[in-house]
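Down below is the structure, laid out as structure tokens.
The values are calculated or read from the model by the stated rules, or taken from the named source; none is laboratory data. These figures come from a predicted structure and were not determined experimentally. No Cβ is skipped: glycine too gets one built from the backbone with ideal geometry, and neighbour counts run over all protein chains shown. The accessibility values were calculated without ligands, DNA or RNA, using every heavy atom of the protein model including side chains. Shrake-Rupley method; radii C 1.70, N 1.55, O 1.52, S 1.80 Å.
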Amino acid sequence: MMELAKGAVRMDGPSSATLRGLLVRALAVTALIPAVIHFAVAGEHFSEYWAFGVFMLVVAWLQLAWAIGLLVRPSRLVIAAGGLLNAGVVAVYIVTRTAGDVVGPDPHDVEPVGFGDAFCTACEVLLVVGVAVLLVRSLRRPVPQGWATAAVAGTAALGAVLLSVSLVDGGSEMVMSMGSDDAPGSASTAAAASMNGMAGMTSAALSLPTDSPAGPVTTSMGDMDMAGMQMVTSPCTAAPTAAEQAATVKLVNETWAADKKYRSLALAKADGFAPITPSGAAVVHYLSPANYARAAAGAPVIDPDAPQSLVYANTPEGAVLVAVMYLDPANNTSTPQPGGCLTQWHVHTNLCFGPAGTVVGITHPDCAPGTTHRPTPPMMHVWFAPIPGGPTAVDAPDRQVVRAAELVGGPHNGTA
């Protein structure tokens, strides 16, 4: 091999039949996997928050450029830069899966761990380890060229298979839940089963116009794969009759007509509504103790003139009324469903309640001392913000609700 000037760093190119050259090529191939995954999820992340999408694109291009750099000029500087890049991405992943997003519409929202993102991170960890080995070991041992080629080809084949599983299984989100909440019979599995039933109960052409800013009622019921949520009736697969469709539209229109006045947060507070989930959060639920007591005493659970709960989303412009939430204090398992499967009820099973009966957090996996864990009463939303599924969608992630609230806006309110 040609001798370099004194003090220069001698590097084997990717074509060198040495352990170093083999590792360089393997890292270049591996770096393409997280680059592809980040390109795939960039669009979805842009829809969540512009900074998330920009981050994904920047990381994807840098990882792609690094892979090319390894093949063209694998200098110590190039190798070290890739190590720092991927270590930083792994650190961001750990923070978003433990502390939350830190920035964006819901900075405290902890991201779920899925197959695709976990596989992507595993590749990045391998890249960091490989870089460390390259920087501290010479690896000049020669290897047969054929063996080296086969090893790199095998790495590429295995990576391609796992990458395909990630992309096909999870789509753009690439989330195949691996948590305990997705075990058979769990809340999120039950919710997903109900969602699947809704998806198949009628044709995709169902679209029932309403007066609500949430738009028409459709068969798509939003993101139902949510941990800690369980459907009261699951699965619900019966196609709604013409009468049930008409009853659904009537319920939505009457609820909007009676309760759109509560777009004013001040009026809601004056009428006795008070927050029962932490104020200042992305989405805050308000309860009317008087209306709740009426329902507990036998008054109709669904009464647009006396809703038990209001839901507000905190946006940069202030709190926006996004839904009325009907609650069944009796915890019935046969709550009224005027719209059949278009008007479903659910409960939350992972909440911790403080001494005053307000929600103070979620189980991790247990509630903090001094708080109690119990299921919520059955609840049903009538939405005033355009989330997937329309006004009677079962539920939606907080981030999605905030984005929908920003679309409809409202009168100037403070923070809910």
Hits in the stretch 369-413 (condition: part of a strand (DSSP E or B) and of a type in the set (Ser, Thr, Tyr)): 372
Hits in the stretch 41-66 - residues which are among the hydrophobic types (A, V, I, L, M, F, W, C) and open to solvent by less than 40 Å² (accessible area, probe 1.4 Å): 41, 42, 51, 52, 56, 59, 60, 66
Test set (1) free of Cβ contacts under 8 Å to residues at least 24 places away in the same chain; (2) under 24 Å from residue 292 (Cβ atoms); (3) of a type in the set (A, V, I, L, M, F, W, C) - residue 359 fails condition number: (1)
Tally, over the stretch 115-159, of residues that are more than 27 Å from residue 87 (Cβ to Cβ), free of Cβ contacts under 8 Å to residues at least 40 places away in the same chain and open to solvent by 70 Å² or more (accessible area, probe 1.4 Å): 2
Among residues of the stretch 1-35, those that are over 29 Å from residue 89 (Cα atoms) and modelled with pLDDT of 50 or more, counted: 2
